[in-house]
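So the structure is just underneath, and the comments pick up after that.
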Amino acid sequence: MTTFLLIAALGVLAAVALSLARVFTGHGDAKRLMAAQLLGTGGVTALLLFGTATDAGGAVDVALVLALLAAFAAIAFVKKGTAHELPPAAEPD
Amino acid sequence: MALVLDAGMALCLLALALFALTARASYSAVAGFVAYGLLVALAWVRLAAADVALTEAAIGSGLTGALLLGAAARLRASESTTVAWPSAARRAAAALLSTLVALGLAAVVLWLPQPAPTLAHEAAAGLPSTGLGNPVTGVLMAFRGVDTFLEKVVLVLAMVGVWSLAADERWGGRPGLRHEADPNGVLAFFARLVIPLGLVIGLYVFWVGADHPGGAFAGGTVVASMWLLAMMTRLADTPPIERRALRLALVVGPALFLLVGLAGLAFGGGFLAYPEAYAKPIILAIEVAMTLTVAVTMALLLAGPPLRSADGQ
Amino acid sequence: MRGLLDLWTYAAVCAGLFFFIAGTVGILRLPDTLTRLHALTKADNLGVGLVVLGLLPQTADALAALKLVAIWAMVLLSSATVSQLIGRAARAEEPPR
Amino acid sequence: MTTTTIYGLLGALLVGVGLYGLIVHPRPLRKILSFNVLGSGVFLLFGVVARRGAAAGFGGDPIPQAFVITGMVVAFAATALAVALLLRLAEVGGATELDEPPPAEDRAA
């Protein structure tokens with residue numbers, strides 16, 4: 001069971017890594033927004049899998065916080081990434 | 001198999017770090033950094049440090065990411081497309097220095113003393129006297145309480161530093177810019193659903209910190225991120241910094257810590273010496289105050305210096 | 001009983017892994033942000049759900065199981081919202097063809 | 001090769017990478033980012049030391065772990081202060097990019 005769960009975690013991480021590579025090599029901000037989302041799902045899943053496999057204490061709690069904060073980061077991206085709310089504050093001259 | 005997992009994660013982390021440093025646009029770089037932070041939290045679980053993983057997940061990726069992101073967005077207008085890099089000679093010198101430092105550290109890692117020195121036995125021996133079950137909380141709150149107290153002071157000083165950057169006429173006003181958000185939009189809906197949930201998670205993380213991974217830092221940071229979410233979706237505005245209750249919340253953690261420390265000096269064996277019978281309730285009281293202080297300070301550090309007057313203009 | 005539950009774990013986690021791989025193939029092969037978003041959120045959410053279902057028999061107590069389900073709910077809720085917002089940002093960036 | 005060696009070497013590399021970015025990158029915001037990468041490398045090294053010191057039924061030596069938690073909070077406070085300084089500098093019309101090529105070099109190139 002342990003080896004199987006570790007292999008599954010590895011598989012999920014590999015899938016996430018490939019997607020991340022694609023997300024970061026492309027152009028456009030909308031693609032970058034996907035990064036936090038990707039790790040919010042894939043990272044949490046991998047964590048649950050290898051946390052269960054190695055019986056790491058507190059892994060489930062970390063996954064819970066990670067899911068919450070990944071959502072927070074993604075929303076921060078959307079809020080800051082849209083240019084129309086930018087202030088006229090930074091006027092060099 | 002576990003080693004393959006570790007090696008894969010290490011490679012991903014290195015790639016993300018390199019991307020975050022080399023990406024042309026700062027916005028992309030910060031996106032890479034957030035992904036990096038989320039992945040570092042996984043690495044901490046692999047190192048059997050769930051307490052640190054919780055803190056990293058909350059601070060490293062979430063709050064630091066949002067902070068850098070806000071800065072990148074505001075600087076984007078003034079950011080030129082090309083930058084003048086230092087000359088090749090300087091870059092080579094910097095690369096040489098960095099390589100030497102990295103190699104030196106790698107050598108240290110490879111030749112760490114065997115058997116590894118550890119203070120775990122001492123921590124385990126002292127833990128019963130604190131009434132706690134989580135050794136990391138024990139170290140933070142009791143054995144090395146002075147460090148934690150001084151760190152709270154650092155937070156307050158950073159807050160003073162950030163606020164002192166306000167323009168004179170804005171002093172006492174509301175930090176940050178006003179966020180625009182549709183009160184009936186999908187974002188506001190999401191925030192209404194998630195904020196209560198997130199607050200419960202934050203308090204849970206704080207509460208289990210006595211006996212399991214968690215604690216005031218991670219819990220307080222989660223609470224802070226939920227407050228920030230409310231600010232971003234305009235469910236709540238940032239409070240004017242002249243408000244007295246706000247300033248009290250900023251200092252209540254270190255103040256209580258200091259009081260208990262001085263009381264220890266008067267009644268016990270020294271600064272921050274807890275009487276053994278009451279150790280647990282005292283630590284809990286300090287932790288409650290600290291969670292509040294951490295939550296308020298983290299959120300306001302991220303919100304930045306006041307940019308609007310108290311009536312919101 | 002234990003063997004049966006383990007079998008359930010194997011099956012559900014394998015199915016979850018399949019959806020993660022499918023999502024990645026979608027991200028790599030689909031042409032634009034909106035369609036990739038489709039692959040990302042739908043497939044990955046199914047993946048998380050199946051993995052959580054698979055891990056449920058391996059949990060120590062009811063609280064841990066409840067937390068697993070809470071994580072799933074959290075991921076569902078956030079990705080539903082975030083994908084909306086990403087979609088909007090993508091449409092502003094690259095107008096529909 | 002063990003888990004601690006892998007993350008230890010990763011920590012050393014991250015310190016190197018972060019240090020290079022901190023010295024070389026002309027944009028202050030990216031210097032702040034590099035500083036955070038450098039910091040997380042140092043934290044990982046602490047984590048490795050903690051993990052190797054696993055004893056008394058704990059997964060790691062709790063003392064370095066507690067130091068790391070303290071360090072993360074302080075690093076965040078420093079980052080927030082640095083970002084606030086940078087934004088204020090931009091607001092009052094200062095430079096947000098440190099371009100200081102040596103005088104011998106041709107700016108137009």
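Structural remarks
- Verdict on C:D61 being of a type in the set (D, E) and open to solvent by 40 Å² or more (accessible area, probe 1.4 Å): yes
- Residue check for A:L18: at pLDDT 85 or above and open to solvent by 10 Å² or more (accessible area, probe 1.4 Å): yes
- Residues in segment B:236-259 that are in contact with a helix residue (DSSP H, G or I) (Cβ under 6 Å, 6 or more places away or on another chain) and free of Cβ contacts under 8 Å to residues at least 60 places away in the same chain: 4 in all.
- Residue that is nearest to D:I6 (Cα to Cα), among those in segment B:81-112 that are at the interface with chain D (Cβ under 7 Å from one of its Cβ atoms) and hydroxyl-bearing (S, T, Y): B:T99
- Residue list for segment B:189-221, restricted to those being in a helix (DSSP H, G or I), more than 27 Å from C:V82 (Cα to Cα) and open to solvent by 70 Å² or more (accessible area, probe 1.4 Å): B:W207
- Some residue of segment B:86-98 being at pLDDT below 85 and either at positive phi or open to solvent by less than 10 Å² (accessible area, probe 1.4 Å) (or both): no
- Answer residue from segment B:261-282, given it is more than 18 Å from B:T137 (Cβ to Cβ) and in a loop (DSSP other than H, G, I, E, B) and is least open to solvent (accessible area, probe 1.4 Å) among those: B:G270
- Wholly enclosed helices (runs of 4 or more DSSP H) of segment B:106-173 bearing at least 3 residues out of contact with any Cys (no Cβ under 7 Å at 6 or more places or on another chain), at pLDDT 80 or above and surrounded by fewer than 14 Cβ atoms within 10 Å (Cβ to Cβ): B:145-163
- Remark: B:R247 falls outside the filter, which requires a residue to be of a type in the set (K, R), open to solvent by 70 Å² or more (accessible area, probe 1.4 Å) and over 21 Å from B:E151 (Cβ atoms).
- In segment C:35-42 there is no residue matching the filter, namely being in a helix (DSSP H, G or I), in contact (Cβ under 8 Å) with a residue 12 or more places away in the chain, within 24 Å of C:R2 (Cβ to Cβ) and open to solvent by less than 30 Å² (accessible area, probe 1.4 Å).
- Evaluated against (1) under 28 Å from B:A41 (Cβ atoms); (2) among the aliphatic types (A, V, I, L, M); (3) open to solvent by less than 20 Å² (accessible area, probe 1.4 Å), B:V186 falls short on exactly one condition, (3).
- Segment D:26-51, residues that are of a type outside the set (A, V, I, L, M, F, W, C) and either part of a helix (DSSP H, G or I) or more than 7 Å from chain B (Cβ to nearest Cβ) (or both): D:P28, D:R30, D:K31, D:S34, D:N36, D:G39, D:S40, D:G41, D:G47, D:R51
- Test: residue in segment B:58-71 that is of a type outside the set (G, A, S), without any contact (Cβ under 8 Å) to a residue 24 or more places away in the chain and part of a helix (DSSP H, G or I): no
- Flag for D:F67 being open to solvent by 10 Å² or more (accessible area, probe 1.4 Å), in contact with a Phe, Trp or Tyr (Cβ under 8 Å, 6 or more places away or on another chain), assigned to a helix (DSSP H, G or I) and more than 7 Å from chain B (Cβ to nearest Cβ): yes
- Filtering B:A31, B:A66, B:A77 for residues that are at the interface with another protein chain (Cβ under 7 Å from one of its Cβ atoms), open to solvent by 20 Å² or more (accessible area, probe 1.4 Å) and over 22 Å from D:R51 (Cα atoms) leaves a single hit, B:A77.
- D:F76 assigned to a helix (DSSP H, G or I) and either more than 7 Å from chain B (Cβ to nearest Cβ) or open to solvent by 10 Å² or more (accessible area, probe 1.4 Å) (or both): no
The values are calculated or read from the model by the stated rules, or taken from the named source; none is laboratory data. Bear in mind the structure is a predicted one, so any value in this text is a computation, not a measurement. Reconstructed Cβ throughout: ideal geometry from the backbone, glycine too, with neighbour counts over all protein chains shown. Areas reflect the complete protein model, heavy atoms only, side chains present, ligands, DNA and RNA absent. Shrake-Rupley method; radii C 1.70, N 1.55, O 1.52, S 1.80 Å.
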